[in-house]
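Only one structure is covered here, and it is reproduced in the block below.
The values are calculated or read from the model by the stated rules, or taken from the named source; none is laboratory data. These numbers come from a predicted model, not from an experiment. Using ideal geometry, Cβ is built from the backbone for each residue, glycine included, and neighbour counts are taken over all protein chains shown. The accessibility values were calculated without ligands, DNA or RNA, using every heavy atom of the protein model including side chains. Shrake-Rupley method; radii C 1.70, N 1.55, O 1.52, S 1.80 Å.
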Amino acid sequence: MTAMQIRALAPGEPLPVPLLLLADPSEELILSYIHQSHTFVAEKAGAIVGVLVLQPQGQLAEIRNVAVDAQHQGQGIGRKLVEFAVAWAREQSIKQLLVCTGNSSLPALALYQRCGFRVASIDKGYFLRTYPEPIFENGLPCTDRIKLRLELQPQP
């Protein structure tokens, strides 16, 4: 099995747009936050197989995008990216880590909760207001944005 590494996207290195679009179907929205964020990629055998976008916002940071290439899903890469985000936030002395996802993003909701995140709020109708085309995942319409929060305690 090939080892995976997570690294910062190098300055001038092209954004892995196809991966980013797996988690957010709007390139326009991705471009609205990507330049105020830190982008990390997961690599296996020199190929980018996952992406993580973290946006610091003072005492908190938000996971704006996390995605894994379809051929590499189910191998724990998403969990490793989320765990990397938690470790990075702690290193930056961030107090809270946020992530938002859709009500129909069932695997993502389960992953974030397994990583310790808890539902903080629900923005009903967010995806209907924000995206011009309807989004369907797992046979469900994606209508509501679920915000999850992880309180980061200092490590002893």
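Just a few scattered comments:
- Three-way shape label, segment 3-156, alpha-carbon gyration tensor, a/c 1.5: rounded
- Summing Lys and Arg as +1 and Asp and Glu as -1 over all other residues whose Cβ lies under 14 Å from the Cβ of residue 39 gives a net charge of -2.
- For the peptides 118-126, 54-62, residues were scored by their other Cβ atoms within 10 Å and the scores averaged per peptide; the highest-first order is 54-62, 118-126.
- The residue list 18, 121, 46 was ranked by how far each Cα lies along the charge dipole of the chain toward its positive end, using unit charges on Cβ atoms, and 121 comes out on top.
- Residue 5 sits among other residues whose Cβ lies under 12 Å from its own Cβ, and their net charge, with Lys and Arg +1 and Asp and Glu -1, is +2.
- Here residue 31 and residue 119 are evaluated by their C-beta separation; at R0 = 22 Å the FRET efficiency comes out at 0.20.
- Karplus-derived HN-Hα couplings along segment 63-69 (A = 6.51, B = -1.76, C = 1.60, θ = phi - 60°), whole Hz, x at Gly and Pro: 6, 8, 7, 9, 8, 10, 3
- Computed over the chain, the per-residue total of -39500 (n - 2.57) for DSSP H runs of n ≥ 4 gives a 222 nm mean residue ellipticity of -8000 deg cm²/dmol, rounded to 500.
- Each of the peptides 104-110, 144-150 was scored by the mean count of other Cβ atoms within 10 Å over its residues; in descending order, highest first, they stand as 144-150, 104-110.
- The apolar share of the surface of the chain, taken as the fraction of accessible area on carbon and sulfur atoms (1.4 Å probe, ligands and nucleic acids excluded), comes to 54 percent.
- Cα-Cα separations in segment 115-156 greater than 11 Å, expressed as whole percent: 71 percent
- Rounded to the nearest 20 debye, the dipole magnitude of the chain is 520 debye, with +1 charges on Lys and Arg beta carbons, -1 on Asp and Glu beta carbons, and the Cα centre as origin.
- Remark: the residue 73-residue 138 segment gains 21.9 nm on full extension, using 0.36 nm per residue and subtracting the alpha carbon distance.
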